[in-house]
Amino acid sequence: MAWIKIDKANELDNEESLGFEIEGHKLALHKLDDQFYVSDNICTHQYALLSEGFLEDGCIECPLHQAQFCLKTGKAMSAPATVGIKVYEVRQEEGEVLVAFP
């Protein structure tokens, strides 16, 4: 596992998300209540970018069908999604935001 710096992370305002890639893998950085979260960026129900979704109450909502996923666990919280998303460990160090990526 490597800790990888997320460029432009500090440009995010609260309740914003940013899509990015590591080694061809689509990820999303979310900022909610001054905390950063990283998840897969593709909804498990149907292809949609979660980074274009709505953040609220600790969840990211798919912009296509409004399925919600918990930012802490990745669990699918509402239909039509039944399969969760992968979430990644995040840390802040010397003003940088880093994600643990296998």
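Laid out as a table, the results:
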read-out: Cα-derived Rg to Rh of the stretch 22-66, Kirkwood definition; value: 0.96
read-out: Proximal lysines relative to residue 26, as straight alpha-carbon distance under 17 Å, when same-chain residues fewer than 8 apart are discounted; value: 5, 8, 86
read-out: Heavy atoms of residue 44 accessible to a 1.4 Å probe, total area in Å² rounded to 10; value: 60
read-out: Carbon + sulfur, % of accessible area of the stretch 1-50 - ligands and nucleic acids excluded, 1.4 Å; value: 41
read-out: Accessible surface, per residue, of the chain when the full set of protein chains is kept, probe 1.4 Å, Å²; value: 57
read-out: Length released on extending from residue 89 to residue 21, taking residue separation times 0.36 nm less the Cα-Cα span; value: 22.9 nm
read-out: Interatomic Cα distance distribution for the chain, bins of 5 angstrom, percent; value: 3, 14, 27, 26, 17, 9, 2, 0
read-out: Solvent exposure ordering (accessible area, 1.4 Å, most first) of 83, 97, 90; value: 83, 90, 97
read-out: Unit charges on C-beta of K, R, D, E only; dipole of the stretch 21-102, Debye; value: 360
read-out: Label-point separation in nm, residue 46 to residue 14, each point 7 Å along Cα→Cβ; value: 3.3
read-out: Mean-position separation - Cα centroids, the stretch 4-32 and the stretch 37-61, in angstrom; value: 12
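The values are calculated or read from the model by the stated rules, or taken from the named source; none is laboratory data. Nothing here was measured: the structure is a model prediction, and the numbers come from that model. Cβ coordinates were reconstructed from backbone atoms using ideal geometry, including for glycine residues, and neighbour counts include every protein chain displayed. When the accessible area is computed, the model is the full protein with side chains, heavy atoms only, and any ligands, DNA or RNA have been set aside. Shrake-Rupley method; radii C 1.70, N 1.55, O 1.52, S 1.80 Å.
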